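Q: Quick one: the structure is below, questions incoming.
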Amino acid sequence: MMRIVKPKNARSKRAMENRSPKAIENTKKALTVRGSTCGVLVQNAMTDIAAYKQPDIKKFQKRNEIHPFEDASSLEFFSQKNDASLIIFGSNSKKRPNNLTWLRTFNFQVLDMFELKILNYKTMSDFKKLTINVGMKPLISFVGPIFDSHPHFQMVKSMLLDFFRGEQISMLDLAGLQYIISVTASGDGNISVYSGDTSNLPSINFRVYKINTYKNKTQNKVPRVELEEIGPRFDFQLGRVREADPDMLKQAMRIPKELQPKTKKNVETDLLGDKVATIHVGKQDLMKLQTRKMKGLKKRRKDEFEDEGDDEIEDVIVSDEEQPKKRKRQIK
Amino acid sequence: MSESTSMQSIGTRPVTVERAIPVSYDLGNLSVFDTNMIDSEIMSSTDEAKKEVYLQSLARDSAQLLVNQILALPVVTGGRTGGDVNHNDGVFVKLPDPTTQLPREKPIPVAKPLTKWEKFAKQKGITPKGRNTGNLVYDEAKGEWVKKWGYKGKNQEEPWLVEIDEKAANGDGEESGNKGKGTKKSKK
């Protein structure tokens, strides 16, 4: 479907190489797409969510007649054209009101997706205006055992983490710890996946807070953290889920050789945490071994023979070829 | 919150968080995963305010735990290498690599097949010639970069020690003017 573009100058060539598969990937870009029946509420919801994904998000303005769970091909096309692997599709229908479909692509094909229906929504403008700089990395917190036990909630966790985590950085400026996105879901996770009835699943509470730190004058190490809600505030209900195809997921989870941790051969860490290594000494040529300078191999007086006999063999750890040689000498 | 809480009094609040099941962290992604049980009674109650307070307290605890962990990381001062003056201020911590494995967006790149020339070069053992490294060369003695050639270039520097040829000199020593071997001819 997509014609192969041949770069005509260095600039376009660099742009093309930036989009091509790489060992260390770029930050994932996102798209917000409006469905044919997307209302103002859903549009505002997507705008609020997009605020925390800036600048790696593009918002589409036009409405599109798409049903992701039936045919996601046009979403795949958008993903390829815009080099965006995360898509939020907003729609509204009688059966599924105020619906957000979150989906991820791998190689511009749908990897996995799920629906989050908006139950409660409080926009950012309803909260006190506290500005957050664009592009700041958020702290992300997932509270609730269900995020570890239920496979659908694990997918939600993975997708939200992927969406909001932002650019990968190795050096963090401590002033950049500005806000936290907290996702909570009650329930102990002992809910059967195959019950089919999604209304029994606990709702997902999505909250965003600004972080304020207060230093304690006496102990200077760690400050007290206090939060202020800045919104948006969502209560989501998990809807339909399309899990990833296992083969595609396996490919997507592969780590390239360059990034795999290099384990050194012969070096291990034992149970106590000590580093243990095997040193391979080369093969010794026993014919060339200088035995004249080894005191232990000297002939001993006849009285000491019987006592020493056993000790010699135990204490001195030598190869088998050495021992018969020694014994021959002693017998003499 | 009937009484106003001053900055100082907030600072005296505890910074440790108690959790039955220890939480897991992914510092590379600045994330914390808390699998402790949630009070379902509060969550399913109709009192919205109570629920929000509870959710905020859970979030505050998570944030506190995460901040404690981040501040325990090795600190690097001197700023990021960016050249920008603004980036040199501030305290930086070195974040570890992310631990949560998230799916890639594109497949792992396949090694491109060698072109005809590359194959030939490899077979013949042809390596690319070292490109011109420019005019500058590092002078160990001075501890700075000097030009190889040109105005004040290194190839033109006069030797700092020149032996005076006894025969050539007229016995005065240095005063006769240094016309030794290494000196440069002055322009007429």
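Q: Of A:Ser158, A:Ser170, A:Ser182, A:Ser85, which residue is within 7 Å of chain B (Cβ to nearest Cβ), free of Cβ contacts under 8 Å to residues at least 24 places away in the same chain and in contact with a Lys or Arg (Cβ under 8 Å, 6 or more places away or on another chain)? First the steps, then the outcome.
A: Values: A:Ser158 fails: in contact with a Lys or Arg (Cβ under 8 Å, 6 or more places away or on another chain); A:Ser182 fails: free of Cβ contacts under 8 Å to residues at least 24 places away in the same chain; A:Ser85 fails: free of Cβ contacts under 8 Å to residues at least 24 places away in the same chain.
Exactly one of A:Ser158, A:Ser170, A:Ser182, A:Ser85 is within 7 Å of chain B (Cβ to nearest Cβ), free of Cβ contacts under 8 Å to residues at least 24 places away in the same chain and in contact with a Lys or Arg (Cβ under 8 Å, 6 or more places away or on another chain), namely A:Ser170.
Q: Within the stretch A:138-188, track down each residue that is touching an Asp or Glu at 6+ places or on another chain (Cβ under 7 Å) and assigned to a loop (DSSP other than H, G, I, E, B).
A: A:Pro145
Q: Turning to a different aspect of this structure: I'd like to check something: does the stretch A:35-56 contain any residue that is acidic (Asp, Glu), more than 14 Å from chain B (Cβ to nearest Cβ) and surrounded by 12 or more Cβ atoms within 10 Å (Cβ to Cβ)?
A: Step one: filter the stretch A:35-56 for residues acidic (Asp, Glu), giving A:48, A:56.
Filter again for more than 14 Å from chain B (Cβ to nearest Cβ), leaving A:48.
Still in the running and surrounded by 12 or more Cβ atoms within 10 Å (Cβ to Cβ): A:48.
Yes, the conditions are met somewhere in the stretch A:35-56.
Q: Scan the stretch A:125-163 for residues that are closer than 20 Å to A:Ala50 by Cβ, hydrophobic (A, V, I, L, M, F, W, C) and crowded, with 19+ Cβ neighbours inside 10 Å and jot them down.
A: A:Leu139, A:Ile140, A:Val156, A:Met159, A:Leu160, A:Leu161, A:Phe163
Q: Any idea which of B:Pro128, B:Pro109 is at pLDDT 90 or above, part of a loop (DSSP other than H, G, I, E, B) and either more than 14 Å from chain A (Cβ to nearest Cβ) or under 30 Å from A:Leu86 (Cα atoms) (or both)? Even if it seems obvious, please write down each step before you answer.
A: Numbers: B:Pro128 fails: at pLDDT 90 or above.
The conditions single out B:Pro109.
Q: Can you find a residue in the stretch B:52-67 that is under 23 Å from the mean Cα position of the chain (by Cα), modelled with pLDDT of 90 or more and under 18 Å from A:Ile181 (Cα atoms)?
A: If we filter the stretch B:52-67 for residues that are under 23 Å from the mean Cα position of the chain (by Cα), which is where we start, we get B:67.
From the residues that got through so far, the ones that are modelled with pLDDT of 90 or more too are B:67.
From the residues that got through so far, the ones that are under 18 Å from A:Ile181 (Cα atoms) too are B:67.
Within the stretch B:52-67, one or more residues are under 23 Å from the mean Cα position of the chain (by Cα), modelled with pLDDT of 90 or more and under 18 Å from A:Ile181 (Cα atoms).
Q: Restricting the search to the stretch A:229-253, which residues are assigned to a loop (DSSP other than H, G, I, E, B), within 11 Å of another protein chain (Cβ to nearest Cβ) and more than 23 Å from A:Ile140 (Cα to Cα)? Outline the logic, then answer.
A: To start, the set of residues in the stretch A:229-253 that are assigned to a loop (DSSP other than H, G, I, E, B) comprises A:230-232, A:243-245, A:253.
Next, only the ones that are within 11 Å of another protein chain (Cβ to nearest Cβ) stay: A:244, A:253.
Listed by number, the list holds a single entry, A:Ala244.
Q: Quick one: which residue in A:Met294, A:Met287 is modelled with pLDDT of 80 or more, farther than 30 Å from A:Thr105 by Cβ and surrounded by 10 or more Cβ atoms within 10 Å (Cβ to Cβ)? Let's see the steps before the verdict.
A: Working: A:Met287 fails: surrounded by 10 or more Cβ atoms within 10 Å (Cβ to Cβ).
Exactly one residue qualifies, and that residue is A:Met294.
Q: Would you tally the residues in the stretch B:50-69 being more than 7 Å from chain A (Cβ to nearest Cβ) and either out of contact with any Phe, Trp or Tyr (no Cβ under 9 Å at 6 or more places or on another chain) or without any contact (Cβ under 8 Å) to a residue 12 or more places away in the chain (or both)? Full working, then the answer.
A: As a first pass, look at the stretch B:50-69 and keep what is more than 7 Å from chain A (Cβ to nearest Cβ): B:50-54, B:57, B:61, B:65, B:69.
Those left that are additionally either out of contact with any Phe, Trp or Tyr (no Cβ under 9 Å at 6 or more places or on another chain) or without any contact (Cβ under 8 Å) to a residue 12 or more places away in the chain (or both): B:50-54, B:57, B:61.
Total satisfying the criteria: 7.
Q: A further question follows. Scan the stretch A:28-35 and give yes if some residue there is under 23 Å from A:Met253 (Cβ atoms) and not hydrophobic (A, V, I, L, M, F, W, C), otherwise no.
A: So far as the stretch A:28-35 goes, yes, one or more of its residues are under 23 Å from A:Met253 (Cβ atoms) and not hydrophobic (A, V, I, L, M, F, W, C).
Q: Something else now. Please determine, by comparing only the residues of the stretch A:77-101 that are touching a Phe, Trp or Tyr at 6+ places or on another chain (Cβ under 6 Å) and not hydroxyl-bearing (Ser, Thr, Tyr), which one is surrounded by the fewest Cβ atoms within 10 Å (Cβ to Cβ). Full working, then the answer.
A: Within the stretch A:77-101, the first condition is being touching a Phe, Trp or Tyr at 6+ places or on another chain (Cβ under 6 Å), and the residues that meet it are A:79-80, A:86, A:88, A:101.
Next, from what is left, pick out any that are not hydroxyl-bearing (Ser, Thr, Tyr): A:80, A:86, A:88.
Details: A:Gln80: 17, A:Leu86: 21, A:Ile88: 23.
Checking each candidate, the answer is A:Gln80.
Q: Name every residue in the stretch B:35-49 that is in contact with a helix residue (DSSP H, G or I) (Cβ under 6 Å, 6 or more places away or on another chain) and either facing another protein chain (nearest Cβ under 7 Å) or at pLDDT 90 or above (or both), in order of residue number.
A: Just the residues of the stretch B:35-49 that are in contact with a helix residue (DSSP H, G or I) (Cβ under 6 Å, 6 or more places away or on another chain), to begin with: B:35, B:42.
Scanning the stretch B:35-49 gives a single hit, B:Thr35.
Q: Cβ-Cβ below 6 Å, separation at least six or inter-chain, first residue in the stretch A:268-286 and of a type in the set (Val, Ile, Thr), second not in a loop (DSSP other than H, G, I, E, B): which pairs?
A: These pairs meet every condition: A:Thr269/A:Lys275; A:Val276/A:Glu268.
Q: Among the residues of the stretch A:214-228, write down those that are touching a Leu at 6+ places or on another chain (Cβ under 7 Å) and facing another protein chain (nearest Cβ under 7 Å).
A: In the first step, residues of the stretch A:214-228 are kept if they are touching a Leu at 6+ places or on another chain (Cβ under 7 Å); the result is A:222, A:228.
Correct list: A:Val222 only.
Q: Kindly indicate whether any position in the stretch A:18-32 is in contact with a Gly (Cβ under 8 Å, 6 or more places away or on another chain), in contact (Cβ under 8 Å) with a residue 24 or more places away in the chain and away from every other protein chain (no Cβ under 14 Å). Spell out how you get there, then give the answer.
A: Initially, the stretch A:18-32 is screened for residues in contact with a Gly (Cβ under 8 Å, 6 or more places away or on another chain), giving A:27, A:32.
Imposing the further condition that a residue be in contact (Cβ under 8 Å) with a residue 24 or more places away in the chain reduces the set to A:27, A:32.
Subset that is away from every other protein chain (no Cβ under 14 Å): A:32.
The answer is yes, given that some residue of the stretch A:18-32 is in contact with a Gly (Cβ under 8 Å, 6 or more places away or on another chain), in contact (Cβ under 8 Å) with a residue 24 or more places away in the chain and away from every other protein chain (no Cβ under 14 Å).
The values are calculated or read from the model by the stated rules, or taken from the named source; none is laboratory data. Source: prediction; values computed, not measured. Positions of Cβ are generated from backbone atoms using ideal geometry, with glycine treated the same way; all protein chains shown enter the neighbour counts.
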